[in-house]
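No value in this document is a laboratory result; all are computed from the given coordinates. All figures in this text were calculated on a predicted structure; none of them were measured in a lab. Cβ: placed from backbone, ideal geometry, glycine included. Neighbour counts: every protein chain shown.
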Amino acid sequence: MDKSKLEYLQKRTSEIFKSNRYEDGDILFHQPSPGTYGSFFGWDSGWSAISTSNTDPEMALRELQTIFNFQFDSGQISHEILLGTENSSFGRKLFSNLFEGQFDEKGRSVFIDPPSFLLAAEVLFNRTKDKRVLELLPAMERCFNYLVETRDLFGDGLASIIHPWESGCDFAPYFDEPMNVNVNKRFWGIKYLRIYFKMIRELREIDWNLDIIKNERKFMMEDVGINGIAAGGAVSISNLYKKAGNGEKAEEYLSKAKKLVSAIEKHLWVEEKGFFYPRMDIDNPRNVLRSTAIGISPLLSGLVDPDKANNVLENYLLSEDHFNGPYVVPFNSRSELEKRIGFKHMPMLWRGPCIWININWIAAKAADKYDRSDISKYITKKTIELLEESDFREYYHPEKGIGGGAKNFTWATLVLDMIHDYF
């Protein structure tokens with residue numbers, strides 16, 4: 001690629017890492033965007049570790065170590081940890097009592113996040129061959145096992161989320177049906193917020209007990225992103241054990257990855273649509289047919305049936321009806337946005353027309369798993385265009401390329417990893 005473009009992206013990335021870094025003794029991580037998101041978030045730090053593996057591998061290792069140093073005994077990794085919160089946003093302070101109901105005495109949220117950090121460990125090891133990465137493997141195992149065992153609330157081999165925020169895709173349109181929100185009615189956004197905060201209050205009252213959640217049929221959903229990224233993470237664990245010379249463990253986690261992908265294909269794949277969709281309602285399980293780009297994530301494992309994978313790539317990722325357009329990769333299907341009035345605007349995150357650079361990274365990596373580096377390079381090229389035109393933002397408009405949300409957003413630094421792999 002053009003040298004001046006690369007130098008610009010490297011310069012901005014360096015500036016963002018410096019401004020967003022939080023360090024206190026052994027703790028090191030990158031805030032997504034100080035002043036807007038001013039604390040530690042699990043999958044955010046996973047993306048940061050992937051990015052910094054290209055610029056400062058030692059920093060990437062320390063961020064991964066921070067993630068696992070706060071792991072619960074159960075193996076769970078928190079969605080958020082209250083570190084660096086002196087820079088928290090006004091909104092965070094306004095709703096502090098509601099938010100803090102999810103944190104323990106160490107400041108760890110009981111919520112989970114998609115385990116991007118499992119993928120990050122393999123990326124870092126492949127860059128550095130640093131054996132200290134391999135020391136994280138037992139913690140990585142516990143994290144994966146927590147998701148597919150403790151969080152298997154439907155009893156079908158898939159991890160469940162107990163609040164939409166655990167998906168990482170906060171107010172994505174596939175939550176409209178389970179939340180019983182009609183986005184074509186007035187004040188639907190207020191209803192969403194009331195429901196979400198009520199859920200936190202009720203979960204706090206039952207002390208986040210998963211048995212009660214299941215028995216009382218509170219919100220449970222089998223999210224594609226959690227499971228797709230976890231499947232890719234299991235393959236990463238297997239690959240790292242293989243490189244550590246432990247063939248038995250490598251085979252064990254490859255087998256677990258295959259088992260998870262089999263469950264994803266059985267329960268989240270909708271044959272008539274040719275795509276992956278989340279599933280709701282434990283008593284009457286059904287898929288929520290809202291097409292979002294997180295449906296590409298099961299391909300991260302490289303274990304999805306080739307015909308299914310090809311359908312996802314050709315008929316969704318490359319289709320102008322869904323995830324291809326002037327800019328890529330739009331999170332919400334372009335054709336579905338046109339049909340739903342409430343989706344045309346973006347009063348809440350992950351709704352309406354929006355591109356998120358971590359989803360671009362997922363899509364590029366998924367395509368590469370199926371020997372479609374041409375698609376990976378195309379996504380990387382279009383990502384570079386977005387950042388050149390609108391700088392490093394939280395999200396972007398897929399038709400106009402305009403940046404929105406927080407500025408100096410750490411996720412956008414993933415472009416350097418994409419350039420490393422596909423240019």
Quiz item: Among the listed pairs K198/K407; K11/K381; K198/K256; K3/K243; K106/K198, which are separated by more than 28 Å between their Cα atoms?
Solution: K198/K407; K198/K256; K3/K243
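Under 10 Å from the Cβ of G401, count the other residues' Cβ atoms, weight Lys and Arg +1, Asp and Glu -1, and hand me the total.
Values: positive: K382, K400; negative: E385, E388, E389, E399.
My count for the surroundings of G401 gives -2.
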Exercise. Enumerate the helices in the chain for which the Kyte-Doolittle hydropathy averages 1.6 or more and the C-alpha atoms extend at least 20 Å along the helix's axis, using complete DSSP H runs.
Key: none
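For every helix of n ≥ 4 consecutive DSSP H residues, a contribution of -39,500 (n - 2.57) applies; sum these over the chain, divide by its total residues, and give [θ] at 222 nm rounded to the nearest 500 deg cm²/dmol. If you can, show how the numbers build up before the last one.
Working: 17 runs with 194 residues, N = 423.
Roughly -14000 deg cm²/dmol at 222 nm, from the helical runs in the chain.
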Exercise. Please name which of L64, A244, F171 has its Cα lying farthest along the dipole of the chain towards the positive end, using unit charges on Cβ (Lys, Arg +1; Asp, Glu -1) and the Cα centre as origin.
Key: F171
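Between N69 and K11, what FRET efficiency follows from the Cβ-Cβ distance if R0 is 30 Å, with the result rounded to 0.05? All intermediate terms of the calculation are to be shown ahead of the outcome.
Details: r = 31 Å, r/R0 = 1.04.
After rounding to 0.05, the efficiency reads 0.45.
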Quiz item: Going toward the positive end of the dipole of segment 3-422, with +1 on Lys and Arg Cβ and -1 on Asp and Glu Cβ, which of L387, S45, S74 do you reach last?
Solution: L387
Quiz item: Which peptide among 55-61, 281-287 comes first, and what is the full order, when sorted by highest mean count of other Cβ atoms within 10 Å?
Solution: 55-61, 281-287
Self-check item: Spatial separation of Cα centroids for segment 1-41 and segment 182-239, in angstrom
Solution: 29
Exercise. Quote the FRET efficiency, to the nearest 0.05, computed for D56 versus D26 with a Förster distance R0 of 22 Å and r equal to the Cβ-Cβ distance.
Key: 0.85
Self-check item: Label assignment, Cα extents along the principal axes in Å derived from the structure, set (i) 80, 46, 45; (ii) 53, 47, 45; (iii) 66, 48, 44
Solution: (ii)
Exercise. For the chain, give the magnitude of the charge dipole about the Cα centre (Cβ charges: +1 Lys/Arg, -1 Asp/Glu; no others), in debye to the nearest 20.
Key: 740
Exercise. Rounded to the nearest Å, what's the spacing between the alpha carbon centres of segment 405-422 and segment 264-331? Just the number, please.
Key: 24
Quiz item: From the residues S335, F276, T128, which one has its Cα farthest along the dipole of the chain in the positive direction, the dipole being from +1 and -1 charges on Cβ of Lys/Arg and Asp/Glu about the Cα centre?
Solution: S335
Self-check item: Relative contact order for the chain, counting Cα pairs under 8 Å that sit 6 or more residues apart, in percent
Solution: 15
Exercise. Sequence neighbours fewer than 8 away in the same chain don't count; with that in mind, list the lysines whose C-alpha is under 26 Å from K273.
Key: K258, K259, K308, K339, K344, K365, K369
Quiz prompt | Fluctuation leader among T150, T292, T413 - the chain, Gaussian network, Cα springs under 10 angstrom | solution = T150
